[in-house]
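The values are calculated or read from the model by the stated rules, or taken from the named source; none is laboratory data. These numbers were taken from a predicted model, which means no experiment stands behind them. Cβ atoms come from the backbone with ideal geometry, glycine included; neighbour counts cover every protein chain shown. For the accessible areas, the whole protein counts, side chains as well, though only heavy atoms, and no ligand, DNA or RNA atoms are used. Shrake-Rupley method; radii C 1.70, N 1.55, O 1.52, S 1.80 Å.
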Amino acid sequence: MGDTPNQYGIVKRLKQGDAHPGETLQAAAEAQDELWAPIKTMRHAMRQAPGMAGEF
């Protein structure tokens, strides 16, 4: 687990009652939390890009 499309698939299978072994709401939530660090890193890099000024 770890990427956004994968998370969507897990939640969809859970909703349909067709989850794979180990796929739980808790596992999906934890994997989603893992996505925040790379997103924050990317946002920081984008803000440092030329032409970007100020705080967002």
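The figures follow:
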{"quantity": "Ala27 surrounded by 10 or more Cβ atoms within 10 Å (Cβ to Cβ), modelled with pLDDT under 90 and out of contact with any helix residue (DSSP H, G or I) (no Cβ under 7 Å at 6 or more places or on another chain)", "calculated": "yes"}
{"quantity": "Residue list for segment 1-24, restricted to those being surrounded by 11 or more Cβ atoms within 10 Å (Cβ to Cβ) and of a type in the set (Lys, Arg)", "calculated": "Lys12, Arg13"}
{"quantity": "Tally of residues being under 17 Å from the mean Cα position of the chain (by Cα) and either part of a loop (DSSP other than H, G, I, E, B) or among the hydrophobic types (A, V, I, L, M, F, W, C) (or both) across segment 15-31", "calculated": "7"}
{"quantity": "Hits in segment 38-56 (condition: modelled with pLDDT under 85 and open to solvent by less than 70 Å² (accessible area, probe 1.4 Å))", "calculated": "Ala49, Gly54"}
